[in-house]
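In what follows, a structure is listed as structure tokens, so that the remarks can point back to it.
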């Protein structure tokens, strides 16, 4: 068993139009010299980070040439468009394959296990309403 000494603690908050406070982080999505600043919910139930298709349009990504796939979540089956971008979270840039989805909220995205959770050890302190983080990129 490994003990994690978290180096960063972020209090839960509610981004504009998101509703109740939760483990949200500011995120920059980058693609070919364009960037979009938004928020994303750290979601341990989400396999792949997901953002609304409007975000792809703002970044200049043409989803017409992307073969859609389907995913199943709490909202049922949704059509998603996988695409490779960079995510900048807490000053760390990580390449990520994200899904753009028409039914994802426009107010925030979701940070999933396949990319974000591989770049950080994550802890949730629900009693204190805190997100606990330790970057693992470059760590053994």
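Only the coordinates and a few stated rules stand behind these numbers; no lab work does. All values reported here derive from a predicted model rather than from experimental measurement. Positions of Cβ are backbone-derived with ideal geometry, glycine not excepted, and every protein chain shown enters the neighbour counts.
Using just its DSSP H runs of length 4 or more, each adding -39500 (n - 2.57), the chain gives a mean residue ellipticity at 222 nm of -1500 deg cm²/dmol after division by all residues.
Fully extending the segment from residue 77 to residue 8 would add 21.4 nm, taking 0.36 nm per residue of separation and subtracting the current Cα-Cα distance. Maximal additional length on extending the residue 28-residue 114 stretch stands at 29.2 nm, based on 0.36 nm per residue less the C-alpha distance. Between residue 130 and residue 106, the contour length at 0.36 nm per residue exceeds the Cα-Cα span by 6.3 nm. Working from Cα pairs under 8 Å separated by at least six residues, relative contact order for the chain is 31 percent.
With neighbour counts taken as other beta-carbon atoms within 10 Å, the residues 88, 67 rank, fewest first, as 67, 88. For the chain, the Kirkwood hydrodynamic radius comes to 15.5 Å, computed from all pairs of different C-alpha atoms. Ranking of 4, 98, 80, 85 by neighbouring Cβ atoms within 10 Å, starting from the fewest: 4, 80, 85, 98.
I need 63, 41, 137 ordered by Cβ neighbour count within 10 Å, fewest first.
Working: 63 14, 41 19, 137 10.
Neighbour counts put them in this order, fewest first: 137, 63, 41.
Extending 7 Å from Cα along the Cβ direction at residue 58 and again at residue 35 yields two label points whose distance is 1.4 nm.
Report the antiparallel proportion of the DSSP beta bridges in the stretch 57-116 as a percent, rounded to a multiple of 5.
On the way: 15 of 15 bridges.
Close to 100 percent.
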